[in-house]
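To keep things clear, I will list the structure first and then write my remarks on it.
The values are calculated or read from the model by the stated rules, or taken from the named source; none is laboratory data. If you're wondering where the values come from, they're calculated on a predicted model, not measured in any experiment. Note that we place each Cβ from the backbone using ideal geometry, even for glycine, and neighbour counts take in every protein chain shown. With ligands, DNA and RNA removed, areas are computed over all heavy atoms of the protein, side chains included. Shrake-Rupley method; radii C 1.70, N 1.55, O 1.52, S 1.80 Å.
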Amino acid sequence: MTSRMVRSLHCFWRPTSSKISHSAFLPVLLLAALTCPAGAQAPGTGAAAPPPSVIVEIAQMRDITDQSAFTGRVQAIDKVTLRARVAGFIKQRGFDEGSEVAEGQLLFQLEREPYEAALALAEANLANAEAALSLAQLTYDRTRPLAERGTSSQAALDQAGSQLAQAKANVEAQKATVTTAKLNLGYTEIRAPMAGAAGRATYSVGEYVGPTSDPLVTLVRQDPMYVAFPVPQRLFLSVRREGVSKDSVVVRLKLPDGTTYDQDGKIAFSDVEANPQTDSLVVRGSFPNPQRLLVDQQIVGVQVVNKKPEERMVISQSAIILDQQGAYVLAVDKDDKVVAKRVKLGDQHGAQIIVLDGLVPGDRVITSGQQKVRPGIVVDAQIATDTLATTGPIAP
């Protein structure tokens, strides 16, 4: 029996008893020689399996633009509700509802005639008082020298002086009445105190309004606009401790349709009191609004972005494994062996995540194939070509 035939026999059957004659299984040997491959080997004597293949990426430092996301509400910087300061019928409305109005533009004209008559009466009373003052002055001037020479009594002089003082006071009172009449006449013209958008008019032409009536119209300044958003106290304190100034960040908006607002804003100010119910502090950003895309009380997404990027170590989130002790990654050392490394994680940035501790630049971390390996075995590490391919900053 040739050695090749013996090897072929091992591929199919191994005898369990040495008492069986060679002639009994000679046909089997011939069949095995024809069907078993020449290079086959007996079980348990084959070559070792190749190391498992995994995908790795190189941990490296990247420029990270820090940002924080919030939900905010658009607020008008100036919003005025206009009321009638005098009573009267509306004779004219000088704007279209929802339109832009200029500062000083006439919005409502109330009837002027009653107030013109009141002004004329006040001016007439003032003239009468001034005439009485002139007479009182002449009387006093004549009585005084007579009293000094003894030809007139002191009582007559005192009476003349009292009448002069009363005449002067009456003139001042009538002047105040004229001023009031002029003001009331001016109040019949209700003008815009600022440029802005006019809302719906509450009253129509011909209706009677007065100081106790509802507001006539609301006027909202639309450029610039505030966006108010609550910042948790812990984040606010952290920013304060790090010495981050409001000039070092830029504020960006996500509109309700998902698009990014094309005008960047800046931090205007923060409230001086925290909200006890939410433990947050309201911060307001100021935004230009030339196209009037921002509307008062609109809800928007807010992103506060640091202007200066910071260098941080980042890896793909797919490399992170979690267990009861926390987060770790499987890395490949210089001998192509798998090692487990505990890591401390920071903020997420898209598909990347910041590693605060546990890795050094140049570490090869496994991003795909972790389920096929365990610490201590040798692997065939293939570097990913689509992760961390560049060294540019990660955009917010």
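Other residues with beta-carbon under 13 Å from the beta-carbon of L133 carry, at +1 per Lys or Arg and -1 per Asp or Glu, a net charge of -1. Please list, by residue number, everything in the stretch 295-337 whose backbone N is under 14 Å from a paramagnetic label point 7 Å out along Cα→Cβ of Q348. Flagged as within label range: 315-322. Taking 7 Å steps out from each Cα toward its Cβ at Q60 and V80 produces label points 5.9 nm apart. Pairs from the table (K308/K341; K344/K372; K337/K372) lying more than 22 angstrom apart at Cα are K308/K341; K344/K372.
A 1.4 Å probe run over the stretch 214-303, with the rest of the protein chains in place, finds 57 Å² accessible per residue. One chain, two ends: I321 and L138. Fully extended at 0.36 nm per residue, the span grows by 55.3 nm beyond their Cα-Cα distance. Computed about its Cα centre, the charge dipole of the stretch 46-158 is approximately 320 debye, with only Lys, Arg, Asp and Glu carrying charge at their Cβ. Extension gain, T212 to A195, is 3.6 nm, computed as 0.36 nm per intervening residue step minus the present C-alpha separation. Note on E113 and T180: the extension gain reaches 22.6 nm, defined as 0.36 nm multiplied by sequence separation minus the Cα-Cα distance.
Note that the stretch 275-283 has calculated 3J(HN,Hα) couplings of 7, x, 7, 10, 6, 9, 10, 7, 10 Hz, one per residue in order, obtained from phi through the Karplus relation 6.51 cos²θ - 1.76 cosθ + 1.60 (θ = phi - 60°); glycine and proline are x. Roughly to the nearest percent, how much of the accessible area of the stretch 211-361 is carbon and sulfur, given a 1.4 Å probe? Answer for the stretch 211-361: carbon and sulfur cover 49 percent of the accessible area.
Taking Lys and Arg as +1 and Asp and Glu as -1, the other residues whose beta-carbon sits under 10 Å from that of R364 total -3.
Of the chymotrypsin sites (Phe, Trp or Tyr not before Pro) found in the stretch 157-238, none is in coil by DSSP with at most 10 other Cβ atoms within 10 Å of its Cβ.
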